[in-house]
Ligand SMILES: [Cu+2]
């Protein structure tokens, strides 16, 4: 019994040191980048708890195997057992409880997914929500804002390249597609990513809690220049964001060219969200840009 207690203490110490190590690595530039999202802590907690759980289990197994190797020599032969001794039963129950405790992680995760990350109803209903259409293509991100008229694919749309902006505090909803191959819109500081698929629109939302400039990457190997597919996500104070959008929209209206069909990618916002498996028709992004590319290549 005493042996079991020392085993348990060693495992716990190992787990706690893993937890202590997990914190300062961010400051050293290792580990996860700083969390700038209102819900990022849910992902971080999952990662930290999983690390601790695995460390504890690993510690138990290592000590267990070491003890078995040391104690069971020629003088003390190993024996086969159906777990009948008290000590054996207790160790089995302890390990069983530890493994069962992991189910709690699974339940928490599923709750986070259904109540937050995959729950679009509250953000769709939020009048302050920022809507952005993303067209991924080799090898850049095009972003489209509806402009003051609130409608996509109209002359006042703001279209940017590798430059995504949003105000702090408001939910930001993305509708994402791709013109060519599969890409993946990745916000490391916000702990979310979503595949950009040709021919369909995927959805993602996040809520920035701090202003600043954050890196956006492509999380799907998408060709020879995949590594160049970097954008900047700038989180601004509300007033600064509104000023930028107003000015950019006025510029966009002045520069609007009805003949430039390649620039007219974009689609009607698919809100309300389609039910699973029921995808909206192919967005214009794919058709317009593909037609433009074919034209440029003289096809
Ligand atoms: Cu990509």
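Observations on the structure shown:
- The one condition in (1) without any contact (Cβ under 8 Å) to a residue 40 or more places away in the chain; (2) in contact with a helix residue (DSSP H, G or I) (Cβ under 8 Å, 6 or more places away or on another chain) that residue 198 fails to fulfil: (1)
- Taking the listed residues 169, 223, the one that is at pLDDT below 95 and more than 16 Å from the ligand (Cβ to nearest atom) is 169, with no other qualifying.
- Residue match in region 241-251 (condition: in a strand (DSSP E or B), surrounded by 14 or more Cβ atoms within 10 Å (Cβ to Cβ) and either assigned by TED's automatic domain parsing to the domain that holds residue 132 or within 16 Å of the ligand (Cβ to nearest atom) (or both)): no
- Qualifying residue in region 165-180 (condition: surrounded by fewer than 17 Cβ atoms within 10 Å (Cβ to Cβ) and either under 22 Å from the mean Cα position of the chain (by Cα) or within 29 Å of residue 50 (Cα to Cα) (or both)): yes
- The one condition from (1) assigned to a loop (DSSP other than H, G, I, E, B); (2) within 16 Å of the ligand (Cβ to nearest atom); (3) touching a strand residue (DSSP E or B) at 6+ places or on another chain (Cβ under 6 Å) that residue 217 does not meet is (1).
- Residue 210 fulfils the conditions (1) assigned to a loop (DSSP other than H, G, I, E, B); (2) within 12 Å of the ligand (Cβ to nearest atom) except for a single criterion, (2).
- In this structure, residue 92 does not qualify as over 30 Å from residue 149 (Cβ atoms), in contact (Cβ under 8 Å) with a residue 60 or more places away in the chain and not assigned by TED's automatic domain parsing to the domain that holds residue 217.
- Test: residue 203 is modelled with pLDDT of 95 or more and touching a strand residue (DSSP E or B) at 6+ places or on another chain (Cβ under 9 Å): no
- The lone criterion from (1) more than 16 Å from the ligand (Cβ to nearest atom); (2) in a helix (DSSP H, G or I) left unmet by residue 259 is number (2).
- Every listed requirement among (1) in contact (Cβ under 8 Å) with a residue 60 or more places away in the chain; (2) within 15 Å of the ligand (Cβ to nearest atom); (3) over 14 Å from residue 164 (Cα atoms); (4) surrounded by fewer than 17 Cβ atoms within 10 Å (Cβ to Cβ) is met by residue 230 save one, (3).
The values are calculated or read from the model by the stated rules, or taken from the named source; none is laboratory data. Quantities reported herein were computed from a predicted structural model and do not represent experimental measurements. Every residue, glycine among them, receives a Cβ derived from its backbone with ideal geometry; neighbour counts consider all protein chains shown.
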